[in-house]
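This report refers to the structure that appears directly beneath it.
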Amino acid sequence: ELTKEQQALMKLIVDAYNKHQIPQDFAKKLLQEQYSADENFLLLTEVATSQVQVLVEFTKSIPGFLSLDHEDQIALLKGSAVEATYLRSAQVFSKKMPTGYAQLLEERIRKSGISQDFITPMFNFYKSISELHMAQEEQALLTAVTILTPDRPYVKDQQAVERLQEPMLDVLRKLCALQHPQEPQYFARLLGRLTELRTLNHFHAEMLTSWRTDDHKFTPLLCEIWDV
Ligand SMILES: Cc1cc(C(=O)O[C@@H]2C[C@H]3CC[C@]2(C)C3(C)C)ccc1N
């Protein structure tokens, strides 16, 4: 079972994960704005910018993160931004949004100039996440584990990151055993999703390039975090 400090760590992460949520007024916008590719792109830009802001706030709440070397903090944020935003948007699709909004967001994503060969893996990923029926504690911990990946490019002190990631993995492993006793492989399946998530990095870079060539404008935060 979870020790006292493991329970405290989990509560910290889950509270931080739930505290920083996408503003619900996006749902209204999804309904109101018209459906041109440009309108859809602008909406996605707002969603993405908000997702990255939420990601930065969540990351700062991870115990020990702000004590890491400052350049390593940036390297971890930039290195995990795509995976963490897709992981969170996958959860948005799986349940967070009121029914019907997920379909609207999907519709706008499909009609925003993203090429089909990226749309397919993106929605395959969403499907594979929703099939897991993850508890919110698992979602929050899996996101923290993704952010605290030691072998991101330019991370200098990888051991310091491992020391933060390991306790998260221990809690996640125990939690999976507690919440899915009938499925001993569940923890391994969760980590397998992180491998699938990494493949989206490549597609995401291509998506950004295709938008840039069509002269779509990004927000400063998205340019900063994704080097565009
Ligand atoms: C630079 C830039 C990036 C995105 C993006 O990654 O969007 C992703 C597509 C959907 C899946 C994850 C996204 C953040 C999403 C929920 C909008 C959207 C607009 C934009 N100007």
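Can you name every residue in the stretch 202-212 that is within 11 Å of the ligand (Cβ to nearest atom), in contact with a helix residue (DSSP H, G or I) (Cβ under 7 Å, 6 or more places away or on another chain) and open to solvent by 30 Å² or more (accessible area, probe 1.4 Å)?
Residue satisfying the conditions is 203 alone.
Checking the conditions here, which among 169, 175, 190 is of a type in the set (A, V, I, L, M, F, W, C), open to solvent by 30 Å² or more (accessible area, probe 1.4 Å) and away from the ligand (no atom under 13 Å from the Cβ)?
169
Name, by its number, the condition in (1) loosely packed, with under 14 Cβ neighbours inside 10 Å; (2) near the ligand (Cβ under 10 Å from one of its atoms) that does not hold for residue 122.
Going through (1) loosely packed, with under 14 Cβ neighbours inside 10 Å; (2) near the ligand (Cβ under 10 Å from one of its atoms) one by one, residue 122 breaks only (1).
Determine the pairs where a residue that is acidic (Asp, Glu), located within the stretch 207-218, has a partner that is assigned to a helix (DSSP H, G or I) and open to solvent by 30 Å² or more (accessible area, probe 1.4 Å) with Cβ atoms under 8 Å apart, the partner being 6 or more residues away or on another chain.
none
For the stretch 213-227, what are the residues that are at pLDDT 85 or above, more than 9 Å from the ligand (Cβ to nearest atom) and over 19 Å from the mean Cα position of the chain (by Cα)?
Once the filter is applied, which keeps residues that are at pLDDT 85 or above, more than 9 Å from the ligand (Cβ to nearest atom) and over 19 Å from the mean Cα position of the chain (by Cα), the stretch 213-227 yields only 220.
Quick check on residue 145: is it open to solvent by less than 70 Å² (accessible area, probe 1.4 Å), among the β-branched types (Val, Ile, Thr) and more than 16 Å from the ligand (Cβ to nearest atom)?
yes
Quick grid of which residues meet (1) of a type in the set (A, V, I, L, M); (2) surrounded by fewer than 18 Cβ atoms within 10 Å (Cβ to Cβ); (3) at pLDDT below 85:
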site	(1), (2), (3)
7	no, yes, no
13	yes, no, no
39	no, yes, no
42	yes, yes, no
54	yes, no, no
71	no, yes, no
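Could you give me the residue pairs with C-beta distances under 8 Å whose first residue belongs to the stretch 104-115 and is open to solvent by 60 Å² or more (accessible area, probe 1.4 Å), whose second residue is modelled with pLDDT of 85 or more and of a type outside the set (D, E, K, R) wherever it lies, and which are 6+ apart or on separate chains?
From the stretch 104-115, the pairs are 110/119; 111/37; 111/40.
Does residue 65 fit the bill of being surrounded by fewer than 20 Cβ atoms within 10 Å (Cβ to Cβ), hydrophobic (A, V, I, L, M, F, W, C) and within 16 Å of the ligand (Cβ to nearest atom)?
Considered against the rule, which asks whether it is surrounded by fewer than 20 Cβ atoms within 10 Å (Cβ to Cβ), hydrophobic (A, V, I, L, M, F, W, C) and within 16 Å of the ligand (Cβ to nearest atom), residue 65 comes out as no.
Residues of the stretch 74-103 being β-branched (Val, Ile, Thr) and either at pLDDT 80 or above or surrounded by 15 or more Cβ atoms within 10 Å (Cβ to Cβ) (or both), which ones?
So in the stretch 74-103, the residues β-branched (Val, Ile, Thr) come out as 74, 82, 85, 92, 99.
Matches in the stretch 74-103: 74, 82, 85, 92.
The values are calculated or read from the model by the stated rules, or taken from the named source; none is laboratory data. Worth saying up front: this structure is predicted, and the values here are computed from it rather than measured. Every residue, glycine as well, gets a Cβ built from its backbone with ideal geometry; the counts of neighbours run over all protein chains shown. Accessible surface areas use protein heavy atoms only, side chains included; no ligands, DNA or RNA. Shrake-Rupley method; radii C 1.70, N 1.55, O 1.52, S 1.80 Å.
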